[in-house]
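Okay, handing you the structure first.
Bear in mind that the values in this text are calculations on the coordinates, not laboratory data. What you see is a predicted model; the values in this text were computed from it and never measured. Because the Cβ atoms are built from the backbone with ideal geometry, glycine has one as well, and the counts that use them run over all protein chains shown.
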């Protein structure tokens, strides 16, 4: 694997990732990305505002899939369980065959403070979108906010364990393990 | 209240907040802020890189106090309880007499997407700093990350309730209530 489907934004994203890995994010130009993808700069700018955003193309796809899975989760599930079910769905359907891609992307983001900041903002927006989806399910305001934030925190922690070079466990297993850790952390003592 | 202590950065922060409230963030210049504070632009730039950062001056103070409180929390406290104790300490010592300031600042930040993004990044850094402080207490990596993120999520939710115009409860009460909500959210069902 290593390439997305052969549509233009997917080819551009794959080409960008290759070039960022080979010569560094700072050193790569949009022209080079377009050339590597066999497309024009004009096509690049039809899909992305700059060379940074191309790294976050997958984030919108992930958000879409996660929110759809959440809207489809059984109405009877309590909020955190619904978020857990939706995360499990994307762990398989979205990330299943993309570990190599995710690892290469992670290395590039980890090496650049501006990209790390951008990644954090995307995750914060995702948490806010999850909270909104929970409100649509009738979850009260504060519970929706807390479940959105903690769900995305669990996701981030599980994701980082999953892309670690030494890891051999599936994303799905690591998500479940991280939810268990959250539960034993929070379940024990209510601070007052 | 409404003013920080009469040191230069505090006076600049108070002047900036006044002007942002009166004529809007976008419309205010550094020159005007310095003049209102009775200081020079040069002094402004000795303390802040730009007119945005002046709004986040308190964030560094908050981070310092929160981390100190966390380092001083009894070693026997479980991670989330230690974070809860540190947040309770700043709810009183840091925010106690600053609701008016906090409300005015919140209104300015809420009105501007760039400032909202900046606030999110500051909170994400704070969560990371809390996680590091927990690691110093011997908390394992994943638990430290989760406790940092969930603790700051609880803080944010409680803070938003506290600055709401209609609210009459103390920050401390709202923090405890938000921790309780987190516990009932997470404690019930472990998603798998």
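Got the residue A:29 label distances to the other copies yet, label 7 Å along Cα→Cβ, in nm, shortest first?
Once sorted, the set of distances for residue A:29 reads 3.7 nm.
Points 7 angstrom from Cα along the Cβ direction at residue A:45 and residue B:49: gap in nanometres?
Modelled inter-label distance: 2.7 nm.
On a 0 to 90 degree scale, rounded to 10, what angle separates helix A:8-23 from the longest Cα axis of chain A?
80
Report the Cα centroid-to-centroid distance between region B:2-54 and region A:30-105 in angstrom, as an integer.
With region B:2-54 and region A:30-105 each reduced to a Cα centre, they are spaced 41 Å.
While we're on this one: So how tilted is helix B:99-110 from the main axis of chain B? Cα-based, degrees 0 to 90, rounded to 10.
Approximately 80 degrees, to the nearest 10.
Show me the ranking of peptides B:143-151, B:81-89, A:116-124 by mean Cβ neighbours inside 10 Å, starting with the highest.
Values: B:143-151: 25.8, B:81-89: 23.4, A:116-124: 18.2.
Highest to lowest by the protection proxy: B:143-151, B:81-89, A:116-124.
If you don't mind, another one. Points 7 angstrom from Cα along the Cβ direction at residue A:68 and residue B:98: gap in nanometres?
In this crude spin-label approximation the distance works out to 4.5 nm.
Given contacts defined as C-alpha pairs under 8 Å and at least six residues apart, what's the relative contact order of region B:55-188, whole-number percent? Walk me through the intermediate numbers first.
On the way: 111 pairs, mean separation 35.5, N = 134.
Normalised by residue count, the contact order of region B:55-188 is 26 percent.
Does the protein assembly as shown come out rounded, prolate or oblate by the C-alpha gyration tensor, with a ≥ b ≥ c the root eigenvalues, rounded set by a/c under 1.5 and, if not, prolate when a/b is larger than b/c and oblate if not? Kindly include the intermediate steps, with their values, before the conclusion.
Details: a/c = 1.87, a/b = 1.20, b/c = 1.57.
Taking the square roots of the gyration eigenvalues as a ≥ b ≥ c, the protein assembly as shown is oblate.
Also, I was wondering about something else. For label points placed 7 Å from Cα toward Cβ, what is the shortest-first list of nm distances from residue B:68 to its copies?
Between copies, matching label points for residue B:68 lie 5.2 nm apart.
If I fit a long axis through the Cα atoms of helix A:141-163 and take the longest principal axis of the Cα atoms of chain A, what angle between them do I get, 0 to 90°, rounded to 10?
Approximately 50 degrees, to the nearest 10.
If each label sits 7 angstrom from Cα along the C-beta direction, how far apart, in nm, is residue A:110 from its counterparts in the other copies?
Its label point is 3.9 nm from the equivalent points in the other copies.
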